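A quick write-up on the structure given underneath.
The values are calculated or read from the model by the stated rules, or taken from the named source; none is laboratory data. It should be emphasised that the depicted structure is a prediction, and the values quoted were computed from it without experimental measurement. Virtual Cβ from ideal backbone geometry, glycine too; neighbours counted across all protein chains shown. Surface accessibility is based on the protein's heavy atoms, side chains included, excluding ligands, DNA and RNA. Shrake-Rupley method; radii C 1.70, N 1.55, O 1.52, S 1.80 Å.
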Amino acid sequence: KQKQKQKQQQKKMAATEPTTKEHAYAHTLTELKAGEHTYRYYSLDKLCEAERVSALPYSVRVLLENVLRNQDGVHFQPSHLETILSFPTTQGHADIPFLPPRVLMQDFTGTPAVVDLAAMREAMKRLGGDPSKINPLCPTDVVIDHSVQVDVSGRQDALARNQEKEMQRNRERFQFLKWGANAFDNLRIIPPGGGIVHQVNLEYLAHSVFNKDGLLYPDSVVGTDSHTTMINGLGVVGWGVGGIEAEATLLGQSISMVLPEVVGFRLVGKLPSGSTSTDLVLTVTEALRKHGVVGKFVEFFGPGASHISLADRATLANMAPEYGATMGFFPTDEVTIRYLRQTDRDAERVAWVEAYTRAQGMFREESAPTPAYSSVLELDLATVVPSLAGPKRPHDRVNMADMPKDFAACLKNPVGFKGYAIAEDQLDRQVKFTHGDHEQTLSHGSVVIAAITSCTNTSNPSVMLAAGLLARNALRRGLGVQPHVKTSLAPGSGVVTRYLQESELLGPLEALGFNVAGYGCTTCIGNSGPLADGVSQAIHEGDLVAASVLSGNRNFEGRVHKDVRANYLASPPLVVAYALAGNVVFDFETTPLGKDQDGQEVFLRDIWPSAEDIATLREAVILPSFFKEVYSHIKEGTAEWNALKSSDSTLYEWDLNSTYIREPTFFTTMGPEPEPLSKISGAYALLNLGDSVTTDHISPAGHIARSSPAARYLMAHDVDPRDFNTYGSRRGNHEVMMRGTFANIRLVNKFIGKAGPRTVYTPTKEVMDVWDAAERHQKEGHQLIVLAGHAYGTGSSRDWAAKG
């Protein structure tokens with residue numbers, strides 16, 4: 001009966017579908033009073049479908065408004081409204097259009113997008129058109145946050161030296177981006193040093209509700225980084241897409257998407273003392289991976305959701321890619337409004353955000369009926385315990401108390417996501433080396449990187465203050481960091497540094513080596529820099545499974561550092577704790593971290609800050625004036641940035657000798673009409689891959705190995721190995737990126753049977769680099785396929801994983 005009713009409704013809607021681009025629902029345009037002003041908006045109430053609208057998940061109501069407002073009779077049809085209103089029967093299989101009003105990029109993915117726009121202008125010129133017509137049609141922000149590396153750490157001048165090296169390495173890329181900001185409409189660049197893209201989006205860029213000439217509508221965004229979902233914590237619909245999809249959006253094309261299923265996640269209770277939002281997100285990630293949410297929205301609700309801070313919500317939303325969902329959404333509520341005020345959003349904006357979301361039924365109140373979710377999970381926050389995730393995947397959660405036995409099992413397990421196959425007689429292997437004036441010993445599990453990094457956690461004052469309090473307490477008891485541990489702190493915005501200074505906690509962190517190393521993603525994306533002197537050599541000498549502990553969101557093999565095989569995600573205070581311990585097999589419950597000045601043993605529980613201390617400090621030091629101070633200067637950049645010269649020309653002046661920015665070949669032979677697709681026949685398999693091969697495996701962002709095809713190309717163009725930079729930094733050069741495809745040193749190809757970027761050239765059975773085999777196949781005129789297993793191509797940075 002439901003399906004029959006739906007078909008009748010669709011017929012009714014189809015009968016009214018316009019043949020022109022006039023708005024079919026002009027009668028829904030309504031006035032709204034907010035503060036001292038009157039605005040207009042397309043009212044969902046005036047669809048006269050109150051019962052069906054109120055049953056929709058809040059995130060789907062945003063999709064409904066998007067389709068209503070953009071009705072043009074071509075891309076957005078009345079039948080699409082009926083599809084969304086029929087959510088109980090259409091979810092998971094019916095297509096709808098979606099047009100976000102803005103696009104967000106970071107520099108690794110933003111650079112190739114601007115390169116493509118520049119190449120399109122060249123193509124327009126070649127085809128006899130007007131190159132200046134190629135422009136983003138919606139506001140597009142590029143935040144430069146992926147370029148800074150932790151070359152220097154643990155010292156007062158770390159930030160200045162790393163920013164200096166960042167500018168030296170990336171001068172050409174930065175000049176190109178400055179040209180793009182001048183040449184294209186609707187393109188804004190946030191210079192290096194401004195912060196991590198998702199934290200800047202949360203604290204500054206996000207509108208919550210747009211006001212375009214008095215017309216109000218929900219903010220929504222697609223970004224070229226999978227963790228764009230962090231903005232879901234602010235009640236903004238948004239997710240990560242590949243660079244190609246983002247380019248289509250900024251050029252005005254709507255996204256065609258399947259109306260997603262929406263999994264409701266009910267939170268009850270409160271986090272216990274000693275557990276953090278990081279422990280919560282790792283617990284949620286584990287649960288949602290087991291439930292299966294790929295291609296679905298997750299929407300959080302319940303009394304527990306009402307009582308956690310917006311920063312905690314942003315942490316949960318940030319890791320939606322890790323639990324597999326398209327989004328992890330928190331509807332707008334009182335917590336959202338308080339956060340907008342706290343971050344110094346304009347009072348007028350705050351007024352219209354609240355008035356609009358209430359009028360549209362997008363403002364969640366605990367007393368409101370629960371929407372009709374596709375399925376529902378529940379978690380009692382009181383059951384969350386201190387946790388880490390690893391050693392190779394972000395959803396492999398481990399209770400902190402179980403870390404010693406879990407890592408010991410990983411050493412002996414067969415090679416896999418939880419195994420290294422270390423021989424029995426090598427389990428106790430130790431390597432001695434000299435660091436400075438002291439002899440050090442490394443073993444399996446030695447922590448060689450401890451990094452407070454990534455937007456996932458550095459956006460959250462509770463865990464950042466907890467790390468500072470733990471550092472202060474450790475110093476007071478005479479504890480210090482093990483010398484072989486490389487420590488670093490990379491805040492997501494300048495606001496973090498201000499409140500750490502205000503709380504007098506930056507000093508204790510610096511005393512333990514957690515000096516500010518840069519305002520960017522750093523270790524989380526593999527920009528971890530060199531290990532402490534002698535450490536890499538010791539790791540290789542003993543074939544050791546060394547470890548990193550980072551407050552990040554990704555820990556795939558080969559990502560954090562090429563020499564570090566075990567990587568664990570953890571909260572910022574646990575990063576400090578493991579830096580003090582020096583090994584991931586450390587049992588904090590039974591083993592003291594050291595002795596204090598009085599000879600008393602000091603355990604982690606003795607210095608761990610209380611929830612009350614953290615909350616009291618948070619209320620005292622998170623001030624709106626800090627946000628105003630930092631973001632009033634965010635677009636200015638450093639003196640070095642402002643000194644960069646860039647052209648004002650409409651067309652980019654390509655440098656044929658450049659190894660960073662090259663005109664891609666996608667458009668050089670393009671005609672006015674597309675060529676027809678050809679069939680694949682008689683193809684060879686280039687690779688035979690297993691499950692969970694991510695975009696990191698397909699198109700790595702980090703280190704360029706000296707023996708790789710990309711390195712050979714760069715050296716042939718007179719680039720010294722010390723100036724290779726990273727794959728991510730060279731995404732503006734297709735020659736490097738093609739050679740970097742499948743170049744991850746941890747890629748396991750079944751044709752080879754071991755990790756490495758190699759394959760078999762089938763006609764002759766020769767083993768060679770993947771690039772060399774592909775090039776040889778191409779010269780011989782062979783077509784190629786890749787054999788791959790479950791979850792192939794998941795992850796971020798899908799632009800070059802696709803193009804390469």
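In segment 293-328, what residues are in a loop (DSSP other than H, G, I, E, B), over 19 Å from A615 (Cα atoms) and at pLDDT 95 or above? Outline the logic, then answer.
From segment 293-328, those in a loop (DSSP other than H, G, I, E, B) are 293-296, 302, 308-309, 319, 324-326; that's our starting set.
Among the residues that remain, those that are also over 19 Å from A615 (Cα atoms) are: 293-296, 302, 319, 324-326.
Result: V293, K296, G302, M319, A325, T326.
For segment 567-585, residues that are in contact with a Pro (Cβ under 7 Å, 6 or more places away or on another chain) and surrounded by fewer than 24 Cβ atoms within 10 Å (Cβ to Cβ) total 1. Looking across V431, V447, V415, one residue alone is open to solvent by 40 Å² or more (accessible area, probe 1.4 Å) and either within 24 Å of T487 (Cβ to Cβ) or of a type outside the set (S, T, Y) (or both). It is V415. For V564, the requirement of being open to solvent by less than 10 Å² (accessible area, probe 1.4 Å), in contact with a strand residue (DSSP E or B) (Cβ under 8 Å, 6 or more places away or on another chain), in a loop (DSSP other than H, G, I, E, B) and more than 17 Å from F108 (Cβ to Cβ) is met. As a summary of the residue check, H734 satisfies the conditions (1) under 28 Å from the mean Cα position of the chain (by Cα); (2) without any contact (Cβ under 8 Å) to a residue 12 or more places away in the chain except for the one numbered (2). The number of residues in segment 571-594 that are touching a helix residue (DSSP H, G or I) at 6+ places or on another chain (Cβ under 7 Å) and part of a strand (DSSP E or B) comes to 0. Considering G740, G728, the condition of being in contact with an Asp or Glu (Cβ under 9 Å, 6 or more places away or on another chain), closer than 26 Å to K165 by Cβ and touching a residue at least 60 places away in the same chain (Cβ under 8 Å) is satisfied by G728 alone. Among residues of segment 581-599 that are modelled with pLDDT of 95 or more, those with a Cβ under 6 angstrom from a residue that is charged (D, E, K, R) and open to solvent by 90 Å² or more (accessible area, probe 1.4 Å), sequence gap 6+ or separate chain, pair up as P592/E601; K595/E601. Could you look through segment 369-412, keep only residues that are assigned to a loop (DSSP other than H, G, I, E, B) and hydrophobic (A, V, I, L, M, F, W, C), and pick out the one that is least open to solvent (accessible area, probe 1.4 Å)? Filtering first and then ranking leaves V384. Scanning segment 640-650 for residues that are crowded, with 16+ Cβ neighbours inside 10 Å and either out of contact with any helix residue (DSSP H, G or I) (no Cβ under 6 Å at 6 or more places or on another chain) or aliphatic (A, V, I, L, M) (or both) gives W641, L644. So which residues in segment 468-500 are under 27 Å from the mean Cα position of the chain (by Cα) and not aliphatic (A, V, I, L, M)? Selection gives G468, K486, T487, S488, P491, G492, S493, G494, T497, R498, Y499.
Looking at segment 659-778, the helices (runs of 4 or more DSSP H) lying wholly inside it that each contain 3 or more residues that are open to solvent by 50 Å² or more (accessible area, probe 1.4 Å) sit at 709-716.
Restricting L747, L689, L656 to those that are over 21 Å from T109 (Cα atoms), at pLDDT 90 or above, aliphatic (A, V, I, L, M) and touching a Pro at 6+ places or on another chain (Cβ under 9 Å) reduces the list to L747. Of the strands (runs of 3 or more DSSP E) lying entirely inside segment 194-258, those containing at least 2 residues that are in contact with a Phe, Trp or Tyr (Cβ under 6 Å, 6 or more places away or on another chain) and not basic (K, R) are 209-212, 215-218, 255-258.
Of all residues in segment 330-368, those satisfying the criterion of being open to solvent by less than 10 Å² (accessible area, probe 1.4 Å) and farther than 13 Å from S306 by Cα are L340, T343, V350, V353, Y356, T357, Q360.
Does segment 517-526 contain any residue that is among the aromatic types (F, W, Y) and more than 23 Å from the chain's Cα centre (by Cα)? No, there is no match, as no residue in segment 517-526 is among the aromatic types (F, W, Y) and more than 23 Å from the chain's Cα centre (by Cα). Residues in segment 635-684 that are small (G, A, S) and within 26 Å of M124 (Cβ to Cβ): S646, S647, S649, S658, G671.
Inspection of segment 625-638 finds a residue satisfying the criterion of being open to solvent by less than 40 Å² (accessible area, probe 1.4 Å) and aliphatic (A, V, I, L, M). Scanning segment 45-69 for residues that are part of a loop (DSSP other than H, G, I, E, B), surrounded by fewer than 22 Cβ atoms within 10 Å (Cβ to Cβ) and in contact with a Leu (Cβ under 9 Å, 6 or more places away or on another chain) yields one hit, E49. Of all residues in segment 20-35, those satisfying the criterion of being open to solvent by 30 Å² or more (accessible area, probe 1.4 Å) and touching a residue at least 60 places away in the same chain (Cβ under 8 Å) are K33, G35. Only one entry in D107, D130, D72 is acidic (D, E), open to solvent by less than 10 Å² (accessible area, probe 1.4 Å) and either under 22 Å from L651 (Cα atoms) or without any contact (Cβ under 8 Å) to a residue 60 or more places away in the chain (or both), namely D107. The listed residues are G238, G242, and the only one of them that is at pLDDT 95 or above, open to solvent by less than 10 Å² (accessible area, probe 1.4 Å) and closer than 30 Å to R61 by Cα turns out to be G238. Hey, any hits in segment 316-323 for a residue that's closer than 26 Å to K392 by Cα, open to solvent by 10 Å² or more (accessible area, probe 1.4 Å) and in contact with a strand residue (DSSP E or B) (Cβ under 7 Å, 6 or more places away or on another chain)? Yes, there is a match, as at least one residue in segment 316-323 is closer than 26 Å to K392 by Cα, open to solvent by 10 Å² or more (accessible area, probe 1.4 Å) and in contact with a strand residue (DSSP E or B) (Cβ under 7 Å, 6 or more places away or on another chain). Scanning segment 261-278 for residues that are open to solvent by less than 30 Å² (accessible area, probe 1.4 Å) and more than 18 Å from the chain's Cα centre (by Cα) yields V262, V263, G264, F265, L267, V268, G274, S275, T276. Cβ-Cβ distances below 8 Å connect the following pairs, each with a first residue in segment 673-696 that is in contact (Cβ under 8 Å) with a residue 24 or more places away in the chain, a second residue that is open to solvent by less than 100 Å² (accessible area, probe 1.4 Å) and of a type in the set (D, E, K, R), and a separation of six or more residues or different chains: S692/R393; T695/R798; D696/R554; D696/R559. Of all the residues in segment 75-104, those that are open to solvent by 30 Å² or more (accessible area, probe 1.4 Å) and small (G, A, S) number 2. Take the residues in segment 176-196 that are open to solvent by 10 Å² or more (accessible area, probe 1.4 Å) and either aliphatic (A, V, I, L, M) or touching a Cys at 6+ places or on another chain (Cβ under 9 Å) (or both), then tell me which one is nearest to E663 (Cα to Cα). Once the filter is applied, the top-ranked residue is A183. Using the structure shown, decide if V516 is surrounded by fewer than 24 Cβ atoms within 10 Å (Cβ to Cβ) and either at pLDDT below 95 or closer than 17 Å to S147 by Cα (or both). Spelling it out, V516 is indeed surrounded by fewer than 24 Cβ atoms within 10 Å (Cβ to Cβ) and either at pLDDT below 95 or closer than 17 Å to S147 by Cα (or both).
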